[in-house]
Amino acid sequence: MRFARALVLGTSLLAMSAPAAQAAGAAGDSPPPPDSTRAAGAPARDSVAGVARGWRLRELAPIEGDGVLSDAFGLIWVSDASLHKIRRWRADGVPLDETGALGSDPAQFRRPGALARVGSLGVAVLDVENRRVSTYDHNLRLLSGAVDLTATDLEGRVGTVRPLSLASDRGGALYVVDSERDRILVFDYAGAFQREIGGYGGRSGGFIGLTGVAVSARGRIITAERPRPRSKKADPSDSTVARARIQWLEAGGRLITSVWSPPLAAGASELSVTVAVDALGRVAIAAERSGEVCVLAPDGAPIARLTGLASPRAVAFADDGTLLVAETGAARVRRWTLEPERTD
């Protein structure tokens, strides 16, 4: 028996033990070919009823979230922007605990959004309207060392920051997407500002409509931008030509490579594209208005796609490679396992 490169999805709803995700034709976080730009083609198999064959689906308890994360213990963290809370579930979907309330005091939120792991046990929360990053330990206790994006000294150096997304690396550094100036601000584990990456522009390493960021196990930065036509001559209302640009950058911001996503259903009207990366270097992008999630191999080739989702606002990978998708339109988090198609 051999494994085909194509990955497919299964539509059955079933309870199963935590699955071990399989490699998608690539071992480790190997980088794509340097300094190359190409368009990503269609997935290997068309979807069936909105779900391509070959994935397996496990439903968690119905929840609504704007950010989702699996921590070192397998607990599911979800930020709830409407109720201004952080909630946690066990891996089997049983509610565990929660924290937060509307406000600007410590342990309060105004629209909590993206989540990121900090160190081996901590979790960082992007508090969007309070314009800060708060960190919590594995017992859901607030820690010190938060990033205050409204601090006078920081604004004096970098100007006003409008935070949109958040990521972290294995050293505990935090990467904040600033939608005001299409850039990434990097802070160390103690919350001190280190550097900025990117800025507005279509050239390599620049961004136009930056919305998502993730950091791989080897410290490479993966970014996602809002879809746009790849040619200035293209009709901007034609969704078949509007694609999201995904870039792989070195830690300092130098471009490694970039690809264009498959066409997204909402086209240029898509406002939110989030991104996640697993330990093998596979990248998932979620397009909220389009109702789609695409999975790319470490070299940027598309290997799987989900369509017809209910406003997927956030994606994250668990340590075992399981993909978590927060669908705000259906108030739930769904779990997907990525498995190669088997052929005789």
Report summary line: Over the Cα atoms of the stretch 64-217 the radius of gyration and the largest Cα-Cα distance (Dmax), both in Å, equal 15.0, 47
Requested in this report: Mind ranking 293-302, 173-182 by how tightly packed they are, going by the mean number of other C-beta atoms within 10 angstrom, highest first?
Outcome: 293-302, 173-182
Query raised in the report: Relative contact order for the stretch 235-312: what is it in percent, counting Cα pairs under 8 Å that are at least 6 residues apart?
Result: 22 percent
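Could you give the length gained by full extension between residue 157 and residue 320, i.e. 0.36 nm per residue of separation minus their alpha carbon distance, to one decimal place?
Between residue 157 and residue 320, full extension yields an extra 54.7 nm.
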Report task. Count neighbours as other Cβ atoms within 10 Å of each site's Cβ, and list the trypsin sites (Lys or Arg not before Pro) in the stretch 64-144 that are DSSP loop with at most 13 such neighbours. Result -> 141
Report task. Give a residue-ordered list of calculated ³J(HN,Hα) values for the stretch 177-189 (Karplus: 6.51 cos²θ - 1.76 cosθ + 1.60, θ = phi - 60°; whole Hz; x for Gly, Pro). Result -> 7, 9, 6, 5, 10, 6, 8, 10, 9, 10, 10, 7, 4
Query raised in the report: Hey, what's the stretch 155-278 come to in accessible area per residue, 1.4 Å probe, Å²?
Result: 41 Å²
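I need to check one value: relative contact order of the stretch 105-262, counting alpha carbon pairs closer than 8 Å and at least 6 residues apart, in percent. List each step's numbers first, then the result.
Details: 365 pairs, mean separation 20.6, N = 158.
Relative contact order comes out at 13 percent.
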Query - Hz values of 3J(HN,Hα) by residue in the stretch 256-270 - Karplus curve (6.51, -1.76, 1.60), Gly and Pro given as x - result: 9, 6, 8, 9, 9, 5, x, x, 9, 4, 7, x, 5, 7, 5
Report task. Starting from the Cα-Cα distance between residue 105 and residue 271, subtract it from 0.36 nm times their residue separation and give me the gain in nm to one decimal. Result -> 56.8 nm
**Report entry** Gap separating the Cα centres of the stretch 282-344 and the stretch 91-167, nearest whole Å
**Finding:** 24 Å
Report summary line: In whole angstrom, largest first, the equivalent ellipsoid semi-axes that the Cα gyration tensor gives for the stretch 72-139 are 20, 14, 9
Query - Cα Rg over Rh - the stretch 139-220, Kirkwood - result: 0.97
Query raised in the report: How long is the gain from residue 94 to residue 279 if the chain were fully straight, where each residue apart is worth 0.36 nm and the alpha carbon distance is subtracted?
Result: 64.0 nm
Requested in this report: Could you check how much of the accessible area of the stretch 115-201 is carbon and sulfur, as a whole percent, using a 1.4 Å probe?
Outcome: 44 percent
Query raised in the report: Can you run phi through the Karplus equation (6.51, -1.76, 1.60; θ = phi - 60°) for the stretch 94-102 and list ³J(HN,Hα) in whole Hz, with x for Gly and Pro?
Result: 7, x, 10, 6, 7, 8, x, 6, 5
Query raised in the report: What distance in nm separates the simple spin-label points at residue 137 and residue 190, each placed 7 Å from Cα in the Cβ direction?
Result: 2.0 nm
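The values are calculated or read from the model by the stated rules, or taken from the named source; none is laboratory data. A quick note: this is a predicted structure, and the numbers were derived from the prediction, not measured. With ideal geometry, Cβ positions are generated from the backbone for all residues, glycine too; neighbour counts draw on all protein chains shown. Ligands, DNA and RNA are excluded from the accessible area calculation, which covers all protein heavy atoms including side chains. Shrake-Rupley method; radii C 1.70, N 1.55, O 1.52, S 1.80 Å.
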